[in-house]
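The values are calculated or read from the model by the stated rules, or taken from the named source; none is laboratory data. What you see is a predicted model, and the numbers here were worked out from it, not measured in a lab. Heads up, the Cβs are rebuilt from the backbone with ideal geometry, glycines too, and the neighbour counts pull from every protein chain shown. Quick note on the areas: whole protein, heavy atoms, side chains included, nothing else; ligands and nucleic acids left out. Shrake-Rupley method; radii C 1.70, N 1.55, O 1.52, S 1.80 Å.
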Amino acid sequence: MSEPSDVVSKPMSEPSDTMDGLNVTPGLVCAHHHLYSSLARGMPAPARAPNGFTEVLELIWWRLDRALDLDMIEWSAKLGALEALEAGCTAILDHHESPNAIEGSLEVIAGACAEVGVRVSCSYGVTDRHGADGARRGLAENERFLRAGGRGMVGVHAAFTCTDATLEAAAGLAADLGTGVHIHVAEGPVDTPAAHRLERWSADDWLLVHGVHLPDDHRLAGTVVHNPRSNMNNAVGYARPTRFANPVALGTDGIGADMLEEFRVAYARNREHDITATPEIAWEWLAQGWELFPEARADVVRWSYEPVAPWHLAFTTGVRAVDVVAGGETVLVGGVPTRVDPHEVRARAAEAAGRLFTRLEEIDP
């Protein structure tokens, strides 16, 4: 049941000076993505059904990232960027892992997104899951990419897969390079000690992704990134992001980059928890993405519906980007990208997915 018609709708905040219509907004921002998961749809099922969050990681996602090579990474990033652009998302904060193809992976992702016309902030998720050498190589990939002028952050998978020494090294590298740490925090019960372990290093420029099992007063600095669909899919619980004093942004955790759809899910999940919740709350989380990727504010997206306002969009599905201008360049016209052939991208991504699926069958969980 929709809200009463006498409720006043508000257009999206912070429009660009070039915007003069009710169906025009800045480019949207996905505050947490895993572009490598773009090829995962239809992947072979694990040998057995996961029983709990840790087994979801072990049997599905950690198996997937071990199968990736640089070609697969390129086409997954191009497909993910294409889908983002088609959904009016012009900026992505990506978190990547490919333990058997670490070196050069961030450059591949950045290049693929640039080819499509989508901005990206890259980070490699450092972890000790593959031993001390794997952690060292992950740190080195972050450092190499950032020192070469790449846009990004220092990535860390999660505290529960890292030693204190690795966490300290990642935090120190980020501070040295003048950037933040992009890390999953307390997504599942296994990572509940994260707040205590990270408190000494966290800073305002960190991205604290998920936060489902953080205490209300967790004392971590940074932006909490809420991923409602992923949290529901992994059955880890509701993060209740309104309880945090931190800024809150919206991400997808790899389930595409349709940020209007993520906004709807964020609103519905919040409303389920609190009948007084309004769409403006989830809209504020969406708008927080511009604080993380300010350039997207100057991008221009014309939508297939008006007005682009929270009380309308919370109950209107199927809204698509019609035209997109990013960085002063028209990169989408009539829903069609101008820089790449979408049919070729999807065909090549499907070929890469086929290779990925074959490789997955060869990898033990």
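Restrict the check to the stretch 305-328 and report whether at least one residue is in a helix (DSSP H, G or I), open to solvent by less than 60 Å² (accessible area, probe 1.4 Å) and in contact with a strand residue (DSSP E or B) (Cβ under 7 Å, 6 or more places away or on another chain).
no
Each row is one residue, and each column tells you yes or no for (1) in a helix (DSSP H, G or I); (2) at negative phi; (3) among the β-branched types (Val, Ile, Thr).
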{"position": "Val120", "(1), (2), (3)": "no, yes, yes"}
{"position": "Asp128", "(1), (2), (3)": "no, yes, no"}
{"position": "Gly134", "(1), (2), (3)": "yes, yes, no"}
{"position": "Leu139", "(1), (2), (3)": "yes, yes, no"}
{"position": "Glu143", "(1), (2), (3)": "yes, yes, no"}
{"position": "Val156", "(1), (2), (3)": "no, yes, yes"}
{"position": "Ala165", "(1), (2), (3)": "yes, yes, no"}
{"position": "Glu168", "(1), (2), (3)": "yes, yes, no"}
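Select from the stretch 79-96 the residues that are open to solvent by less than 10 Å² (accessible area, probe 1.4 Å) and not in a strand (DSSP E or B) and write down the one among them that is nearest to Cys30 (Cα to Cα).
Ranking the qualifying residues of the stretch 79-96, first place goes to Ala84.
Every residue, every condition in (1) among the charged types (D, E, K, R); (2) without any contact (Cβ under 8 Å) to a residue 24 or more places away in the chain, yes or no:
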| residue | (1), (2) |
| --- | --- |
| Arg197 | yes, no |
| Arg200 | yes, yes |
| Asn231 | no, no |
| Glu291 | yes, no |
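If we scan the stretch 270-286, do we find a residue that is touching a residue at least 24 places away in the same chain (Cβ under 8 Å), surrounded by fewer than 20 Cβ atoms within 10 Å (Cβ to Cβ) and within 18 Å of the chain's Cα centre (by Cα)?
yes
In the stretch 342-365, which residues are exposed (fewer than 12 other Cβ atoms within 10 Å of the Cβ) and either outside any helix (DSSP H, G or I) or within 23 Å of the chain's Cα centre (by Cα) (or both)?
Asp364
Within the stretch 296-303, is there a residue that is assigned to a strand (DSSP E or B), open to solvent by 10 Å² or more (accessible area, probe 1.4 Å), within 27 Å of Val336 (Cβ to Cβ) and touching a residue at least 24 places away in the same chain (Cβ under 8 Å)?
Checked the stretch 296-303: at least one residue is assigned to a strand (DSSP E or B), open to solvent by 10 Å² or more (accessible area, probe 1.4 Å), within 27 Å of Val336 (Cβ to Cβ) and touching a residue at least 24 places away in the same chain (Cβ under 8 Å).
Please verify whether Gly150 is crowded, with 20+ Cβ neighbours inside 10 Å and either aliphatic (A, V, I, L, M) or touching a strand residue (DSSP E or B) at 6+ places or on another chain (Cβ under 9 Å) (or both), treating the condition exactly as stated.
Answer is no for this residue.
Is one or more of the residues making up the stretch 207-214 touching a residue at least 40 places away in the same chain (Cβ under 8 Å), over 19 Å from Glu291 (Cα atoms) and touching a strand residue (DSSP E or B) at 6+ places or on another chain (Cβ under 8 Å)? Step through it out loud before you land on a result.
Taking the stretch 207-214 first, the residues touching a residue at least 40 places away in the same chain (Cβ under 8 Å) are 207, 209-210.
Remaining after also requiring over 19 Å from Glu291 (Cα atoms): none.
Looking for residues that are touching a residue at least 40 places away in the same chain (Cβ under 8 Å), over 19 Å from Glu291 (Cα atoms) and touching a strand residue (DSSP E or B) at 6+ places or on another chain (Cβ under 8 Å), one finds none in the stretch 207-214, hence no.
Please enumerate the residues belonging to the stretch 315-332 that are without any contact (Cβ under 8 Å) to a residue 40 or more places away in the chain and over 19 Å from Ala296 (Cβ atoms).
Thr316, Gly318
Only one residue in Ala40, Ala49, Ala45 is among the aliphatic types (A, V, I, L, M), within 23 Å of Gly155 (Cβ to Cβ) and either open to solvent by less than 20 Å² (accessible area, probe 1.4 Å) or modelled with pLDDT of 50 or more (or both). Which one?
Ala40
Given the condition open to solvent by 30 Å² or more (accessible area, probe 1.4 Å), over 18 Å from the mean Cα position of the chain (by Cα) and farther than 27 Å from Ala140 by Cα, answer yes or no: does some residue in the stretch 194-213 qualify?
Within the stretch 194-213, one or more residues are open to solvent by 30 Å² or more (accessible area, probe 1.4 Å), over 18 Å from the mean Cα position of the chain (by Cα) and farther than 27 Å from Ala140 by Cα.
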